Every structure is written in C-alpha cells, then in structure tokens.
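Undergrad: This is the structure, below, for whatever I ask next.
Please treat every number below as a calculation from the coordinates, not as lab data. Bear in mind that the values here come from a model prediction, so they are computed numbers and not experimental data. Please note: Cβ atoms are built from the backbone with ideal geometry, for glycine as well, and neighbour counts cover all protein chains shown.
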Amino acid sequence: MFGESARRAQTRGVTQSPPRQRRPLPTSPFQRKEVTLPTTADFHVGDRVTHDHCGLGRVVAVSEHYVTVDFGSAGTKQVTPAARGFSIL
C-alpha cells in the first residue's frame with residue numbers, strides 16, 4: 001500500500017488542506033509582537049537570576065552559549081538564557 005491509496009486509507013478518504021495564514025487586523029487589540037529570546041549578552045557576572053526549579057541564584061560566569069549560575073544549596077548550574085523559567089531579576 002504505497003502512494004495515493006495508502007494516503008486515503010490513513011485519512012479515511014478525507015482530504016486535508018494546509019492551514020491558511022491568518023490575516024492580521026490593523027484595529028485588533030491583540031497585536032502579536034515578535035518574540036526575541038534573551039542572549040548571553042543580557043547577563044553579567046553578579047546579576048541575580050531566578051529559575052523555576054533551582055530558585056534564586058547569582059551569575060558567576062558568562063560564555064557564548066550558556067550562563068553559569070550559583071544557586072546556593074542547589075549547586076552551580078550551566079543554563080541557557082532561553083531556558084523556560086529562567087530570568088534576570
């Protein structure tokens with residue numbers, strides 16, 4: 001079962017069209033802003049940071065791809081700036 005007949009068998013004969021691009025309305029109060037992920041340039045040694053899992057910490061080193069943070073009792077961790085739940089205070 002290869003080709004078109006296999007594809008119809010998987011979708012039970014229903015054809016699927018690709019999702020349409022939504023048209024932004026200029027008067028909409030829900031304008032989407034472009035998301036920019038933080039980079040390591042935003043962090044400096046000594047900055048206070050927070051992490052959902054590890055808690056409060058202090059930046060001890062900054063490299064090109066990750067930030068090294070001392071979280072006290074949770075230890076020292078290397079975290080990417082775009083990690084979920086990680087932010088500068």
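Undergrad: Which stretch or stretches of region 14-46 have amide N atoms under 15 Å from the point lying 7 Å from THR76's Cα along the Cα→Cβ direction?
TA: 45-46
Undergrad: Now for a different question. Give me LEU25, LEU56 ranked fewest to most by other Cβ atoms within 10 Å of their Cβ, as a rough exposure proxy.
TA: By the 10 Å Cβ count, ascending: LEU25, LEU56.
Undergrad: Let me ask you something else. Could you give the length gained by full extension between SER17 and VAL35, i.e. 0.36 nm per residue of separation minus their alpha carbon distance, to one decimal place?
TA: 3.7 nm
Undergrad: May I pose another question? Is the shape of region 43-89 best called rounded, prolate or oblate, per the rule: a/c under 1.5 gives rounded, else a/b larger than b/c gives prolate, else oblate, with a ≥ b ≥ c the square roots of the Cα gyration tensor eigenvalues?
TA: Rounded.
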